[in-house]
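The values are calculated or read from the model by the stated rules, or taken from the named source; none is laboratory data. Predicted model only: the values in this text are computed from it and were never measured. Here the Cβ positions follow ideal geometry from the backbone for every residue, glycine too, while neighbour counts run over all protein chains shown. Just so you know, the surface numbers come from the protein's heavy atoms only, side chains and all, with ligands and any DNA or RNA stripped out. Shrake-Rupley method; radii C 1.70, N 1.55, O 1.52, S 1.80 Å.
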Amino acid sequence: MKEIQKLVDEAIEEINLAKNSTTLNNIRVKYLGKKGLVTSLMKKLKELPQEERPKFGALVNDAKNTIQAKINDKFQEISALEKMQKYEKLAVDISLPGARKDIGHLHILSQVQKELEDIFISMGFEVVEGPEVEDTWHNFDALNTPDWHPARDVQDSFYFTEEKLLRTHTSPVQVRTMLKRKPPLAIVSPGRVYRRDYDSTHLPMFTQMEVLYIDQNVTIKHLKFTLEEMAKRIFGENSKVRLRPSFFPFTEPSYEIDVWFGDTWLEILGAGMVDPNVFKNVGYDPTKWSGFAFGLGLERVAMVKYGIKDIRDFIRNDIKFLENY
Ligand code: FA5
């Protein structure tokens, strides 16, 4: 009897000390398994005199039940603990800083384009688009640009066929819009244009934004106000802008607009009052309708705004340059 009690005490002590379910299972095997200490006590039954056997058997059974119950209790305790530990491991510490991912941002040119679009939208203009592959009629003829004009030369433009080329400016969108709609009109049209140019202020592929306003009794005052308002908003109140007489076949009179660029003037756009011949070409009555138009070089605008000296930086895709804007 004493031996049995001793065994039970030992088992309970071991169970109390068990820290995980593996240890607990080993204890179970050690005492209650097929070859376990308690189980083997049963085998001693045969060695005992007949009359002691039932009592002994009952004691061994009690011992077995006590140990089993103790193991069960401990198992409950341990598995609850283990579950908690597992969840603690899985838990996310929301006080830790997140893993930062570098995300890109809009290219400087797209930013300038958006900014200009917003300025014109706020003045009541609408954004429209036109094709980059144009025909000579929309790109030149309709814009009163005669055969002899240098822009029509293959030296200056990219032709697919004699009549198809990469548009040399966004002005053909004026023509397309006027043909499609009825005046009054107030539109802007940004997009890529192409020329055989390449130096620190000229790219073979660059971006323009066409601005066209048509109504009755439109004068140079409207053009000047719009230009000044745009310049103020994009370059700041103190920007210096210069209107210089110039020539375009599709405007009369015509101007070129320069902005002060640190130590010199930089031409950013061509402008003028829509030539009556253009109105005739799209079927508008030039005695009734008048308007102004201009075409901005967006790279040039960005150069002035951010002090960029070489226009080729826009297309070099140098991340160090692009990250600055
Ligand atoms: C034109 O393209 C006219 N279509 C503008 C216009 C529209 C005049 C409506 C009147 C009415 P010009 O060739 O000057 O004009 O070009 C306009 C602007 O585009 C220039 O002021 C300049 O800012 C920019 N630009 C011209 N060529 C290049 C080039 N190769 N690279 C970058 N920007 C250029």
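Rolling a 1.4 Å sphere over the protein heavy atoms, what is the accessible area per residue of region 108-323, to the nearest Å²?
Working: 10470 Å² over 216 residues.
Counting only protein heavy atoms, the per-residue value for region 108-323 is 48 Å².
Rounding to the nearest 20 debye, state how big the charge dipole of region 121-167 is about its Cα centre with +1 on each Lys and Arg Cβ and -1 on each Asp and Glu Cβ.
Details: 3 positive and 11 negative charges, 20 e Å.
Rounded to the nearest 20 debye, it is 100 debye.
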**OP:** Between GLU228, GLU117, GLU82, find the one with the highest GNM mean-square fluctuation for the chain; connect C-alpha pairs within less than 10 Å.
**Re:** GLU82
Subject >> For the chain, built as a Gaussian network whose Cα springs stay under 10 Å, the top-fluctuating residue of ASP135, ASP156, ASP73 >> reply: ASP73
**OP:** Holding the Cα-Cα limit at 21 Å, pick out from LYS101/LYS309; LYS221/LYS309; LYS240/LYS305 the pairs that are longer than that.
**Re:** LYS101/LYS309; LYS221/LYS309
**OP:** Mind ranking MET209, MET84, MET123 by accessible surface for me, highest first, 1.4 Å probe?
**Re:** MET84, MET123, MET209
Subject >> Viscosity 0.692 mPa s, temperature 37 °C, Stokes-Einstein D of the chain from Kirkwood C-alpha radius, µm²/s >> reply: 124 µm²/s
Original post:
In terms of modelled amide H atoms, which long-range or inter-chain residues lie less than 5 Å from the amide H of SER246?
Top reply: SER254, TYR255, GLU256
Original post:
Hey, in the GNM for the chain with a 10 angstrom Cα cutoff, which one of SER239, SER290, SER21 fluctuates hardest?
Top reply: SER21
Original post:
Where nothing but the Cβ of Lys and Arg (+1) and of Asp and Glu (-1) is charged, how large is the charge dipole of region 108-323 around its Cα centre, in debye to the nearest 20?
Top reply: 380 debye
Subject >> HN-Hα J in Hz across region 300-316 - Karplus 6.51, -1.76, 1.60, θ = phi - 60°, x for Gly and Pro >> reply: 5, 4, 5, 4, 5, 4, 10, x, 8, 8, 10, 4, 5, 4, 5, 10, 7
Subject >> Sequence-distant residues sharing a close amide H with PHE158 (under 5 Å, placed H) >> reply: LEU166
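Antiparallel as a % of all DSSP beta bridges within the chain, to the nearest 5?
Values: 43 of 45 bridges.
Antiparallel bridges: around 95 percent, rounded to the nearest 5.
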Original post:
Please state the equivalent ellipsoid semi-axes for region 2-90: what are the square roots of 5 times the Cα gyration tensor eigenvalues, largest first, in whole Å?
Top reply: 33, 10, 9
Subject >> Positive minus negative residues near VAL38 (Lys, Arg vs Asp, Glu; Cβ under 14 Å) >> reply: +4
Original post:
Taking a probe of 1.4 Å, how large is the accessible area per residue of region 1-91, in Å²?
Top reply: 74 Å²
Original post:
What residue among GLN113, TYR159, GLY262 has its Cα farthest toward the positive end of the dipole of the chain, where the charges are +1 on Lys, Arg and -1 on Asp, Glu, each on the Cβ?
Top reply: GLN113
**OP:** Compute the acute angle (0 to 90°) between the alpha-carbon long axis of helix 21-32 and the principal axis of greatest extent of the alpha-carbon atoms of the chain; round to the nearest 10°.
**Re:** 20 degrees
Original post:
What accessible surface, in Å², does a 1.4 Å probe find on SER157, ignoring ligands, DNA and RNA and rounding to the nearest 10?
Top reply: 0 Å²
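Counting only protein heavy atoms, what percent of the accessible surface of the chain is carbon or sulfur at a 1.4 Å probe?
53 percent
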Subject >> Cleavage-rule hits (trypsin sites (Lys or Arg not before Pro)) in region 1-37: DSSP loop, at most 14 neighbouring Cβ within 10 angstrom >> reply: LYS19, LYS34, LYS35
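Given +1 on the Cβ of Lys and Arg, -1 on the Cβ of Asp and Glu, and no further charges, what dipole in debye does region 208-298 carry about its Cα centre, rounded to the nearest 20?
Values: 9 positive and 12 negative charges, 35 e Å.
With only Lys, Arg, Asp and Glu charged at Cβ, the dipole is about 160 debye.
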